[in-house]
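Worksheet for the structure shown next.
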Amino acid sequence: MTTTAEVPVAPPLAASAPAGVRVEAVERTYRTRRGTVAALRGLTLGVAANEIVAVVGPSGCGKSTLLELVCALQAPDAGRVEAGPAVYMPQRDLLLPWASALDNAALPLRVHGASRAEARDRARPAFAAFGLAGFEAARPAELSGGMRQRVAFLRTLLAGKPVLALDEPFASLDAITRAEMQAWLAGALLREPRTVLFVTHDVEEAVVLADRVAVLSPRPGRVLAELPVPLPRPRSRTDGAVVTLRERAMRALQGGTL
Amino acid sequence: MGAALLALALLIGWELYADLGGIDQFLLPAPSDVAASLWTDRGLLWDNFTVTAGEVLLGIAVSLAAGVVLAVAIHLSRTMRRATYPLLVASQTIPIVIVAPLLVAWLGYDLAPKLAIVGLICFFPVVVTTLDGLAGVDPDLRKLMRTLDASRLQTLRHVEAPAALPALLSGAKIAVTVAVIGAVLAEQAGSSDGLGHLILQSIPQFETARSWAAVVVLAAFAIVLFGALALAERRLVPWAHRSEGDIA
(Lines give C-alpha, C1' and ligand atoms only; values in the text may rest on other atoms or scores of the structure.)
Protein backbone atom coordinates (compact mmCIF):
# COMPACT_ATOMS: atom_id res chain seq x y z
CA MET A 1 0.00 0.00 0.00
CA THR A 2 1.31 3.41 -0.88
CA THR A 3 1.42 5.99 1.82
CA THR A 4 1.83 9.54 1.85
CA ALA A 5 5.30 10.57 1.53
CA GLU A 6 5.41 10.76 -2.28
CA VAL A 7 2.97 13.48 -2.95
CA PRO A 8 2.95 14.40 -6.61
CA VAL A 9 2.40 18.00 -7.45
CA ALA A 10 -1.20 18.68 -8.31
CA PRO A 11 -3.08 21.92 -8.60
CA PRO A 12 -4.65 22.76 -5.26
CA LEU A 13 -8.35 22.04 -5.04
CA ALA A 14 -10.55 25.07 -5.18
CA ALA A 15 -11.76 26.25 -1.80
CA SER A 16 -13.45 29.44 -0.86
CA ALA A 17 -11.50 31.99 1.19
CA PRO A 18 -10.07 30.66 4.46
CA ALA A 19 -12.37 31.08 7.41
CA GLY A 20 -12.18 30.21 11.08
CA VAL A 21 -14.56 28.94 13.67
CA ARG A 22 -15.71 30.71 16.81
CA VAL A 23 -17.84 28.88 19.36
CA GLU A 24 -18.76 31.01 22.37
CA ALA A 25 -20.42 29.95 25.61
CA VAL A 26 -22.57 27.46 23.80
CA GLU A 27 -25.28 25.51 25.58
CA ARG A 28 -27.06 22.57 24.05
CA THR A 29 -29.60 20.41 25.79
CA TYR A 30 -31.55 17.52 24.34
CA ARG A 31 -34.99 16.61 25.49
CA THR A 32 -35.52 12.89 25.65
CA ARG A 33 -38.33 10.77 26.96
CA ARG A 34 -36.48 10.29 30.21
CA GLY A 35 -35.80 13.95 30.77
CA THR A 36 -33.28 16.45 29.53
CA VAL A 37 -29.65 15.76 28.77
CA ALA A 38 -27.21 18.63 28.73
CA ALA A 39 -24.70 17.85 25.98
CA LEU A 40 -22.71 21.06 26.08
CA ARG A 41 -22.58 23.71 28.78
CA GLY A 42 -20.56 26.87 28.37
CA LEU A 43 -18.31 25.56 25.66
CA THR A 44 -15.97 28.11 24.14
CA LEU A 45 -13.51 27.21 21.44
CA GLY A 46 -11.90 29.00 18.54
CA VAL A 47 -10.18 27.68 15.46
CA ALA A 48 -8.16 30.15 13.42
CA ALA A 49 -8.24 30.04 9.65
CA ASN A 50 -6.25 27.05 8.39
CA GLU A 51 -5.54 25.87 11.90
CA ILE A 52 -5.99 22.23 12.89
CA VAL A 53 -7.67 21.73 16.23
CA ALA A 54 -8.31 18.33 17.73
CA VAL A 55 -11.03 17.84 20.29
CA VAL A 56 -10.57 14.93 22.66
CA GLY A 57 -12.92 13.89 25.38
CA PRO A 58 -14.54 10.93 27.07
CA SER A 59 -17.33 9.21 25.17
CA GLY A 60 -20.60 11.03 25.27
CA CYS A 61 -19.04 14.40 26.02
CA GLY A 62 -20.89 16.16 23.22
CA LYS A 63 -18.11 16.04 20.63
CA SER A 64 -20.47 15.15 17.83
CA THR A 65 -22.89 17.84 18.94
CA LEU A 66 -20.05 20.35 18.68
CA LEU A 67 -19.33 19.31 15.09
CA GLU A 68 -22.97 19.52 14.13
CA LEU A 69 -23.20 23.01 15.59
CA VAL A 70 -20.17 24.08 13.56
CA CYS A 71 -21.72 22.58 10.42
CA ALA A 72 -25.01 24.35 11.16
CA LEU A 73 -26.75 20.98 11.29
CA GLN A 74 -28.23 22.13 14.57
CA ALA A 75 -28.47 25.39 16.47
CA PRO A 76 -27.29 26.11 20.02
CA ASP A 77 -29.82 26.78 22.78
CA ALA A 78 -27.64 29.63 24.01
CA GLY A 79 -24.33 31.16 23.04
CA ARG A 80 -22.98 31.83 19.60
CA VAL A 81 -21.49 29.77 16.80
CA GLU A 82 -19.72 31.58 14.01
CA ALA A 83 -18.14 29.40 11.41
CA GLY A 84 -17.22 29.64 7.79
CA PRO A 85 -18.91 27.22 5.43
CA ALA A 86 -18.17 23.81 6.88
CA VAL A 87 -18.39 20.30 5.51
CA TYR A 88 -19.03 17.30 7.70
CA MET A 89 -17.06 14.10 7.37
CA PRO A 90 -18.75 11.30 9.26
CA GLN A 91 -16.98 8.59 11.19
CA ARG A 92 -17.55 5.85 8.65
CA ASP A 93 -16.65 6.63 5.05
CA LEU A 94 -20.28 6.21 3.92
CA LEU A 95 -19.29 5.99 0.29
CA LEU A 96 -22.16 5.23 -2.06
CA PRO A 97 -21.76 1.52 -2.84
CA TRP A 98 -23.24 1.77 -6.34
CA ALA A 99 -20.93 4.56 -7.50
CA SER A 100 -17.29 4.35 -8.57
CA ALA A 101 -14.56 5.88 -6.41
CA LEU A 102 -14.37 8.77 -8.89
CA ASP A 103 -18.11 9.43 -8.80
CA ASN A 104 -18.08 9.21 -5.02
CA ALA A 105 -15.33 11.80 -4.76
CA ALA A 106 -17.07 14.00 -7.34
CA LEU A 107 -20.43 13.95 -5.53
CA PRO A 108 -20.09 17.49 -4.11
CA LEU A 109 -19.39 18.82 -7.61
CA ARG A 110 -22.51 17.10 -8.92
CA VAL A 111 -24.54 18.58 -6.11
CA HIS A 112 -23.19 22.00 -7.04
CA GLY A 113 -24.55 21.59 -10.53
CA ALA A 114 -21.69 20.10 -12.56
CA SER A 115 -22.57 17.53 -15.19
CA ARG A 116 -21.37 13.99 -14.63
CA ALA A 117 -18.53 14.35 -17.15
CA GLU A 118 -17.49 17.75 -15.85
CA ALA A 119 -17.48 16.54 -12.24
CA ARG A 120 -15.34 13.54 -13.17
CA ASP A 121 -12.88 15.69 -15.10
CA ARG A 122 -12.42 17.95 -12.12
CA ALA A 123 -12.06 15.16 -9.58
CA ARG A 124 -9.75 12.93 -11.63
CA PRO A 125 -6.48 14.93 -11.27
CA ALA A 126 -6.69 14.66 -7.48
CA PHE A 127 -6.68 10.87 -7.58
CA ALA A 128 -2.96 10.61 -8.24
CA ALA A 129 -2.14 13.13 -5.55
CA PHE A 130 -4.22 11.12 -3.09
CA GLY A 131 -2.54 7.82 -3.88
CA LEU A 132 -5.67 6.59 -5.63
CA ALA A 133 -4.47 6.53 -9.24
CA GLY A 134 -5.81 3.52 -11.09
CA PHE A 135 -8.74 3.09 -8.73
CA GLU A 136 -11.05 5.66 -10.31
CA ALA A 137 -13.48 3.03 -11.59
CA ALA A 138 -13.33 0.78 -8.52
CA ARG A 139 -16.45 0.34 -6.44
CA PRO A 140 -16.06 1.07 -2.72
CA ALA A 141 -16.36 -2.63 -1.90
CA GLU A 142 -13.21 -3.23 -3.95
CA LEU A 143 -11.15 -0.71 -1.98
CA SER A 144 -9.29 -1.22 1.28
CA GLY A 145 -10.41 0.65 4.36
CA GLY A 146 -7.62 3.21 4.03
CA MET A 147 -8.40 3.87 0.39
CA ARG A 148 -12.07 4.29 1.12
CA GLN A 149 -11.20 6.83 3.77
CA ARG A 150 -9.04 8.69 1.27
CA VAL A 151 -11.86 8.78 -1.25
CA ALA A 152 -14.14 10.07 1.51
CA PHE A 153 -11.61 12.74 2.42
CA LEU A 154 -11.22 13.75 -1.20
CA ARG A 155 -15.00 14.06 -1.39
CA THR A 156 -14.85 16.29 1.68
CA LEU A 157 -12.17 18.50 0.10
CA LEU A 158 -13.98 18.75 -3.22
CA ALA A 159 -16.89 20.34 -1.41
CA GLY A 160 -14.65 23.40 -1.64
CA LYS A 161 -15.42 24.61 1.86
CA PRO A 162 -12.83 26.28 4.08
CA VAL A 163 -13.82 24.42 7.24
CA LEU A 164 -13.66 20.64 7.68
CA ALA A 165 -15.47 18.98 10.56
CA LEU A 166 -14.11 15.46 10.95
CA ASP A 167 -15.88 13.05 13.27
CA GLU A 168 -13.34 10.45 14.43
CA PRO A 169 -12.15 10.00 10.86
CA PHE A 170 -9.98 6.96 11.51
CA ALA A 171 -11.89 5.25 14.30
CA SER A 172 -12.99 2.38 12.07
CA LEU A 173 -9.53 1.52 10.73
CA ASP A 174 -7.09 -1.07 12.01
CA ALA A 175 -4.01 0.19 13.85
CA ILE A 176 -1.55 0.00 10.94
CA THR A 177 -3.86 1.59 8.38
CA ARG A 178 -4.76 4.17 10.94
CA ALA A 179 -1.15 5.25 11.46
CA GLU A 180 -0.68 5.40 7.69
CA MET A 181 -3.80 7.47 7.27
CA GLN A 182 -2.76 9.90 10.00
CA ALA A 183 0.53 10.52 8.21
CA TRP A 184 -1.34 10.77 4.95
CA LEU A 185 -3.83 13.28 6.31
CA ALA A 186 -1.03 15.41 7.75
CA GLY A 187 0.57 15.48 4.29
CA ALA A 188 -2.70 16.21 2.53
CA LEU A 189 -3.43 19.12 4.85
CA LEU A 190 0.03 20.58 4.30
CA ARG A 191 -0.77 20.63 0.61
CA GLU A 192 -4.41 21.67 0.99
CA PRO A 193 -4.56 23.86 4.07
CA ARG A 194 -7.99 23.99 5.63
CA THR A 195 -9.48 24.99 8.92
CA VAL A 196 -9.93 21.63 10.59
CA LEU A 197 -11.90 20.74 13.67
CA PHE A 198 -11.66 17.06 14.33
CA VAL A 199 -12.88 15.02 17.22
CA THR A 200 -11.14 11.89 18.30
CA HIS A 201 -10.89 9.76 21.40
CA ASP A 202 -7.28 9.00 20.53
CA VAL A 203 -5.05 11.47 22.36
CA GLU A 204 -1.97 10.38 20.44
CA GLU A 205 -3.71 10.97 17.12
CA ALA A 206 -4.67 14.43 18.33
CA VAL A 207 -1.09 15.34 19.25
CA VAL A 208 0.37 13.94 16.02
CA LEU A 209 -2.04 15.82 13.78
CA ALA A 210 -3.19 19.01 15.45
CA ASP A 211 -1.81 22.50 15.99
CA ARG A 212 -3.81 22.60 19.18
CA VAL A 213 -5.61 20.03 21.30
CA ALA A 214 -8.77 20.92 23.22
CA VAL A 215 -9.70 18.59 26.05
CA LEU A 216 -13.41 18.31 26.79
CA SER A 217 -14.98 17.43 30.12
CA PRO A 218 -17.49 14.63 30.53
CA ARG A 219 -21.06 15.62 29.72
CA PRO A 220 -22.13 18.40 29.78
CA GLY A 221 -19.07 19.18 27.70
CA ARG A 222 -16.93 22.22 28.11
CA VAL A 223 -13.27 22.84 27.33
CA LEU A 224 -11.12 21.75 30.29
CA ALA A 225 -7.81 22.62 28.75
CA GLU A 226 -6.17 23.68 25.53
CA LEU A 227 -2.70 22.48 24.63
CA PRO A 228 -0.79 24.08 21.80
CA VAL A 229 1.35 21.59 19.88
CA PRO A 230 4.24 23.71 18.65
CA LEU A 231 6.12 20.81 17.07
CA PRO A 232 7.53 20.54 13.56
CA ARG A 233 5.94 18.16 11.06
CA PRO A 234 6.00 15.38 10.18
CA ARG A 235 5.70 14.17 13.74
CA SER A 236 6.23 10.69 14.94
CA ARG A 237 4.26 9.18 17.77
CA THR A 238 7.53 8.17 19.41
CA ASP A 239 9.06 11.67 19.46
CA GLY A 240 9.84 12.68 23.01
CA ALA A 241 7.93 15.93 22.68
CA VAL A 242 4.89 14.12 21.27
CA VAL A 243 4.94 11.63 24.11
CA THR A 244 5.21 14.41 26.71
CA LEU A 245 2.28 16.31 25.24
CA ARG A 246 0.26 13.13 24.97
CA GLU A 247 0.78 12.48 28.68
CA ARG A 248 -0.23 16.02 29.56
CA ALA A 249 -3.38 15.68 27.48
CA MET A 250 -4.15 12.35 29.13
CA ARG A 251 -3.80 13.91 32.57
CA ALA A 252 -6.11 16.75 31.59
CA LEU A 253 -8.59 14.22 30.24
CA GLN A 254 -8.51 12.35 33.52
CA GLY A 255 -9.42 15.54 35.33
CA GLY A 256 -5.95 16.41 36.57
CA THR A 257 -4.04 19.58 35.97
CA LEU A 258 -1.76 20.20 33.04
CA MET B 1 -31.02 -30.15 -7.36
CA GLY B 2 -32.71 -31.17 -4.13
CA ALA B 3 -35.80 -29.23 -5.15
CA ALA B 4 -35.92 -30.97 -8.54
CA LEU B 5 -35.66 -34.39 -6.89
CA LEU B 6 -38.39 -33.57 -4.39
CA ALA B 7 -40.66 -32.26 -7.16
CA LEU B 8 -40.05 -35.41 -9.17
CA ALA B 9 -40.84 -37.61 -6.18
CA LEU B 10 -44.08 -35.70 -5.55
CA LEU B 11 -45.08 -36.01 -9.21
CA ILE B 12 -44.43 -39.76 -9.18
CA GLY B 13 -46.42 -40.09 -5.97
CA TRP B 14 -49.29 -38.15 -7.47
CA GLU B 15 -49.19 -40.22 -10.67
CA LEU B 16 -49.25 -43.51 -8.75
CA TYR B 17 -52.03 -42.27 -6.47
CA ALA B 18 -54.17 -41.14 -9.41
CA ASP B 19 -53.52 -44.22 -11.56
CA LEU B 20 -53.64 -46.97 -8.95
CA GLY B 21 -55.95 -45.38 -6.38
CA GLY B 22 -58.99 -45.68 -8.62
CA ILE B 23 -59.60 -41.93 -8.58
CA ASP B 24 -61.89 -40.71 -11.33
CA GLN B 25 -59.91 -38.72 -13.86
CA PHE B 26 -62.53 -35.97 -13.71
CA LEU B 27 -61.87 -35.53 -10.03
CA LEU B 28 -58.09 -35.73 -9.99
CA PRO B 29 -56.24 -36.14 -13.26
CA ALA B 30 -52.78 -37.73 -13.12
CA PRO B 31 -49.77 -35.56 -14.03
CA SER B 32 -49.56 -37.46 -17.31
CA ASP B 33 -53.16 -36.39 -18.12
CA VAL B 34 -52.25 -32.79 -17.28
CA ALA B 35 -49.17 -33.02 -19.49
CA ALA B 36 -51.30 -34.42 -22.31
CA SER B 37 -53.72 -31.54 -21.92
CA LEU B 38 -50.87 -29.05 -21.98
CA TRP B 39 -50.02 -30.39 -25.41
CA THR B 40 -53.44 -31.00 -26.97
CA ASP B 41 -54.98 -27.78 -25.59
CA ARG B 42 -51.90 -25.67 -26.28
CA GLY B 43 -53.72 -23.31 -28.66
CA LEU B 44 -56.52 -22.67 -26.19
CA LEU B 45 -54.10 -22.33 -23.29
CA TRP B 46 -51.86 -19.94 -25.20
CA ASP B 47 -54.71 -17.67 -26.30
CA ASN B 48 -55.99 -17.40 -22.75
CA PHE B 49 -52.49 -17.09 -21.37
CA THR B 50 -51.76 -14.00 -23.48
CA VAL B 51 -54.87 -12.36 -22.04
CA THR B 52 -53.90 -13.12 -18.45
CA ALA B 53 -50.23 -12.27 -19.03
CA GLY B 54 -51.28 -8.91 -20.48
CA GLU B 55 -53.36 -8.16 -17.39
CA VAL B 56 -50.57 -9.21 -15.07
CA LEU B 57 -47.80 -7.27 -16.82
CA LEU B 58 -49.87 -4.15 -17.24
CA GLY B 59 -51.12 -4.42 -13.67
CA ILE B 60 -47.56 -4.74 -12.34
CA ALA B 61 -46.36 -1.83 -14.47
CA VAL B 62 -49.18 0.37 -13.17
CA SER B 63 -48.55 -0.73 -9.57
CA LEU B 64 -44.82 -0.12 -9.85
CA ALA B 65 -45.24 3.33 -11.36
CA ALA B 66 -47.97 4.40 -8.95
CA GLY B 67 -46.26 2.70 -6.00
CA VAL B 68 -42.95 4.45 -6.55
CA VAL B 69 -44.61 7.83 -7.07
CA LEU B 70 -46.64 7.47 -3.90
CA ALA B 71 -43.68 6.19 -1.90
CA VAL B 72 -41.58 9.19 -2.93
CA ALA B 73 -44.45 11.58 -2.18
CA ILE B 74 -44.96 10.04 1.26
CA HIS B 75 -41.21 10.11 1.87
CA LEU B 76 -40.90 13.78 0.98
CA SER B 77 -44.03 15.08 2.64
CA ARG B 78 -45.17 14.52 6.18
CA THR B 79 -48.61 15.73 5.16
CA MET B 80 -48.80 13.15 2.41
CA ARG B 81 -47.76 10.47 4.87
CA ARG B 82 -50.41 11.43 7.36
CA ALA B 83 -53.07 11.68 4.69
CA THR B 84 -52.39 8.56 2.66
CA TYR B 85 -50.58 5.98 4.78
CA PRO B 86 -53.61 5.00 6.89
CA LEU B 87 -55.72 4.67 3.73
CA LEU B 88 -52.99 2.59 2.13
CA VAL B 89 -52.98 0.17 5.04
CA ALA B 90 -56.77 0.16 5.16
CA SER B 91 -56.87 -0.76 1.47
CA GLN B 92 -55.11 -4.00 2.34
CA THR B 93 -57.82 -5.02 4.77
CA ILE B 94 -60.37 -5.13 1.95
CA PRO B 95 -61.11 -8.77 1.19
CA ILE B 96 -60.32 -8.86 -2.53
CA VAL B 97 -62.29 -12.06 -3.11
CA ILE B 98 -65.44 -10.28 -1.99
CA VAL B 99 -64.96 -6.96 -3.75
CA ALA B 100 -63.76 -8.48 -7.03
CA PRO B 101 -67.31 -9.19 -8.34
CA LEU B 102 -68.37 -5.72 -7.21
CA LEU B 103 -65.53 -4.14 -9.17
CA VAL B 104 -66.52 -6.19 -12.19
CA ALA B 105 -70.12 -5.07 -11.82
CA TRP B 106 -68.94 -1.49 -11.74
CA LEU B 107 -66.09 -1.49 -14.26
CA GLY B 108 -67.34 -4.10 -16.72
CA TYR B 109 -65.98 -7.32 -18.21
CA ASP B 110 -62.89 -5.90 -19.87
CA LEU B 111 -59.42 -4.90 -18.69
CA ALA B 112 -60.31 -2.19 -16.17
CA PRO B 113 -61.46 -4.35 -13.22
CA LYS B 114 -58.50 -6.70 -13.71
CA LEU B 115 -56.05 -3.82 -13.52
CA ALA B 116 -57.87 -2.46 -10.48
CA ILE B 117 -57.65 -5.80 -8.67
CA VAL B 118 -54.05 -6.60 -9.66
CA GLY B 119 -53.13 -3.02 -8.76
CA LEU B 120 -54.85 -3.20 -5.39
CA ILE B 121 -52.84 -6.31 -4.51
CA CYS B 122 -49.44 -5.34 -5.97
CA PHE B 123 -49.37 -1.72 -5.00
CA PHE B 124 -48.91 -2.25 -1.29
CA PRO B 125 -45.68 -4.30 -1.21
CA VAL B 126 -44.12 -1.87 -3.67
CA VAL B 127 -44.97 1.21 -1.61
CA VAL B 128 -43.97 -0.27 1.72
CA THR B 129 -40.62 -1.70 0.63
CA THR B 130 -39.71 1.41 -1.36
CA LEU B 131 -40.57 3.63 1.59
CA ASP B 132 -38.38 1.52 3.86
CA GLY B 133 -35.55 1.76 1.33
CA LEU B 134 -35.84 5.53 1.06
CA ALA B 135 -35.97 5.98 4.81
CA GLY B 136 -33.18 3.50 5.48
CA VAL B 137 -30.38 5.81 4.40
CA ASP B 138 -27.78 6.38 7.11
CA PRO B 139 -28.57 9.58 9.04
CA ASP B 140 -24.88 10.55 8.91
CA LEU B 141 -25.05 10.40 5.12
CA ARG B 142 -28.01 12.78 5.20
CA LYS B 143 -25.99 15.15 7.39
CA LEU B 144 -23.09 14.94 4.96
CA MET B 145 -25.39 15.76 2.05
CA ARG B 146 -26.77 18.74 3.96
CA THR B 147 -23.28 20.14 4.52
CA LEU B 148 -22.61 19.64 0.81
CA ASP B 149 -25.57 22.03 0.30
CA ALA B 150 -27.63 19.30 -1.33
CA SER B 151 -31.31 20.10 -1.67
CA ARG B 152 -33.97 17.62 -0.59
CA LEU B 153 -34.41 16.53 -4.21
CA GLN B 154 -30.67 16.20 -4.81
CA THR B 155 -30.35 13.96 -1.79
CA LEU B 156 -33.24 11.94 -3.17
CA ARG B 157 -31.65 11.68 -6.58
CA HIS B 158 -28.04 11.01 -5.64
CA VAL B 159 -28.47 9.02 -2.45
CA GLU B 160 -31.94 7.90 -1.46
CA ALA B 161 -33.29 6.73 -4.82
CA PRO B 162 -30.35 4.45 -5.66
CA ALA B 163 -30.29 3.24 -2.06
CA ALA B 164 -33.97 2.32 -2.29
CA LEU B 165 -33.62 0.37 -5.53
CA PRO B 166 -32.85 -3.01 -3.87
CA ALA B 167 -35.89 -2.61 -1.62
CA LEU B 168 -38.06 -1.63 -4.59
CA LEU B 169 -36.99 -4.76 -6.44
CA SER B 170 -37.79 -6.89 -3.39
CA GLY B 171 -41.24 -5.34 -3.34
CA ALA B 172 -41.60 -6.05 -7.04
CA LYS B 173 -40.70 -9.70 -6.43
CA ILE B 174 -43.50 -10.01 -3.91
CA ALA B 175 -45.81 -8.13 -6.28
CA VAL B 176 -45.31 -10.40 -9.29
CA THR B 177 -46.17 -13.54 -7.38
CA VAL B 178 -49.42 -12.10 -6.07
CA ALA B 179 -50.21 -10.33 -9.34
CA VAL B 180 -50.89 -13.66 -11.05
CA ILE B 181 -53.27 -14.67 -8.28
CA GLY B 182 -54.98 -11.29 -8.54
CA ALA B 183 -55.47 -11.56 -12.29
CA VAL B 184 -57.00 -15.05 -12.05
CA LEU B 185 -59.27 -13.94 -9.24
CA ALA B 186 -60.43 -10.98 -11.32
CA GLU B 187 -61.11 -13.22 -14.31
CA GLN B 188 -63.09 -15.64 -12.22
CA ALA B 189 -65.17 -12.79 -10.87
CA GLY B 190 -66.34 -12.03 -14.37
CA SER B 191 -64.61 -12.46 -17.68
CA SER B 192 -64.99 -14.09 -21.05
CA ASP B 193 -61.37 -15.09 -21.47
CA GLY B 194 -58.08 -15.55 -19.63
CA LEU B 195 -56.74 -18.59 -17.80
CA GLY B 196 -58.89 -17.86 -14.74
CA HIS B 197 -61.93 -18.01 -16.94
CA LEU B 198 -60.66 -21.18 -18.63
CA ILE B 199 -60.17 -22.92 -15.30
CA LEU B 200 -63.73 -22.18 -14.21
CA GLN B 201 -65.17 -23.13 -17.60
CA SER B 202 -63.32 -26.43 -17.89
CA ILE B 203 -64.58 -27.93 -14.65
CA PRO B 204 -68.28 -28.30 -15.60
CA GLN B 205 -67.10 -29.56 -18.99
CA PHE B 206 -65.31 -32.43 -17.21
CA GLU B 207 -62.01 -31.11 -18.62
CA THR B 208 -60.36 -31.14 -15.22
CA ALA B 209 -56.97 -31.91 -16.72
CA ARG B 210 -57.23 -28.70 -18.76
CA SER B 211 -57.89 -26.69 -15.58
CA TRP B 212 -54.81 -28.21 -14.04
CA ALA B 213 -52.84 -27.48 -17.17
CA ALA B 214 -53.89 -23.82 -16.85
CA VAL B 215 -52.71 -23.85 -13.23
CA VAL B 216 -49.35 -25.21 -14.38
CA VAL B 217 -49.05 -22.42 -16.96
CA LEU B 218 -49.90 -19.79 -14.34
CA ALA B 219 -47.37 -21.14 -11.87
CA ALA B 220 -44.68 -21.30 -14.54
CA PHE B 221 -45.45 -17.71 -15.52
CA ALA B 222 -45.12 -16.49 -11.93
CA ILE B 223 -41.82 -18.33 -11.57
CA VAL B 224 -40.49 -16.83 -14.81
CA LEU B 225 -41.47 -13.32 -13.66
CA PHE B 226 -39.82 -13.87 -10.30
CA GLY B 227 -36.69 -15.20 -11.99
CA ALA B 228 -36.55 -12.24 -14.35
CA LEU B 229 -36.67 -9.88 -11.40
CA ALA B 230 -34.01 -11.82 -9.53
CA LEU B 231 -31.83 -11.49 -12.62
CA ALA B 232 -32.59 -7.78 -12.88
CA GLU B 233 -31.63 -7.47 -9.23
CA ARG B 234 -28.25 -9.02 -9.83
CA ARG B 235 -27.68 -6.74 -12.80
CA LEU B 236 -29.03 -3.49 -11.39
CA VAL B 237 -28.03 -3.64 -7.74
CA PRO B 238 -24.95 -5.85 -7.51
CA TRP B 239 -23.76 -3.88 -4.48
CA ALA B 240 -26.74 -5.02 -2.45
CA HIS B 241 -25.67 -8.64 -2.70
CA ARG B 242 -22.13 -8.20 -1.58
CA SER B 243 -21.39 -8.20 2.09
CA GLU B 244 -19.56 -5.09 3.09
CA GLY B 245 -15.81 -4.96 3.12
CA ASP B 246 -15.23 -8.53 2.07
CA ILE B 247 -12.82 -7.60 -0.68
CA ALA B 248 -9.68 -6.00 0.63
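Tabulated values for the structure
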| read-out | value |
| --- | --- |
| Residue among B:97, B:89, B:56 that alone is surrounded by 13 or more Cβ atoms within 10 Å (Cβ to Cβ) and among the hydrophobic types (A, V, I, L, M, F, W, C) | B:56 |
| Residue in region B:222-244 that is farther than 30 Å from residue A:142 by Cα and either surrounded by 18 or more Cβ atoms within 10 Å (Cβ to Cβ) or within 14 Å of another protein chain (Cβ to nearest Cβ) (or both) present | yes |
| Exclusive hit being within 30 Å of residue B:44 (Cα to Cα) and of a type in the set (Gly, Ala, Ser), set B:175, B:167, B:232 | B:175 |
| Of the criteria (1) within 16 Å of residue A:130 (Cα to Cα); (2) among the hydrophobic types (A, V, I, L, M, F, W, C); (3) free of Cβ contacts under 8 Å to residues at least 12 places away in the same chain, which one residue A:175 fails | (1) |
| Test set (1) modelled with pLDDT under 95; (2) buried (at least 20 other Cβ atoms within 10 Å of the Cβ); (3) within 14 Å of another protein chain (Cβ to nearest Cβ) - residue A:61 fails condition number | (3) |
| Pair list, Cβ under 6 Å, 6 or more apart: region A:33-62 residue free of Cβ contacts under 8 Å to residues at least 40 places away in the same chain, other residue outside any loop (DSSP other than H, G, I, E, B) and surrounded by fewer than 24 Cβ atoms within 10 Å (Cβ to Cβ) | A:36/A:29; A:46/A:22 |
| Scope region A:71-109; condition assigned to a helix (DSSP H, G or I) and more than 10 Å from chain B (Cβ to nearest Cβ); matching residues | A:101, A:102, A:104, A:105 |
| Which numbered condition residue A:52 fails, given (1) within 12 Å of the chain's Cα centre (by Cα); (2) more than 14 Å from chain B (Cβ to nearest Cβ); (3) surrounded by fewer than 18 Cβ atoms within 10 Å (Cβ to Cβ) | (3) |
| Residues of region A:130-154 classified as closer than 18 Å to residue A:178 by Cα and surrounded by fewer than 20 Cβ atoms within 10 Å (Cβ to Cβ), total | 2 |
| Positions within region B:122-135 being within 13 Å of chain A (Cβ to nearest Cβ) and surrounded by fewer than 23 Cβ atoms within 10 Å (Cβ to Cβ), in sequence order | none |
| Condition met for residue B:152 (without any contact (Cβ under 8 Å) to a residue 24 or more places away in the chain, surrounded by fewer than 20 Cβ atoms within 10 Å (Cβ to Cβ) and either within 14 Å of chain A (Cβ to nearest Cβ) or not acidic (Asp, Glu) (or both)) | no |
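The values are calculated or read from the model by the stated rules, or taken from the named source; none is laboratory data. Fair warning: this is a prediction, and the values are worked out from it, not measured in the lab. Heads up, the Cβs are rebuilt from the backbone with ideal geometry, glycines too, and the neighbour counts pull from every protein chain shown.
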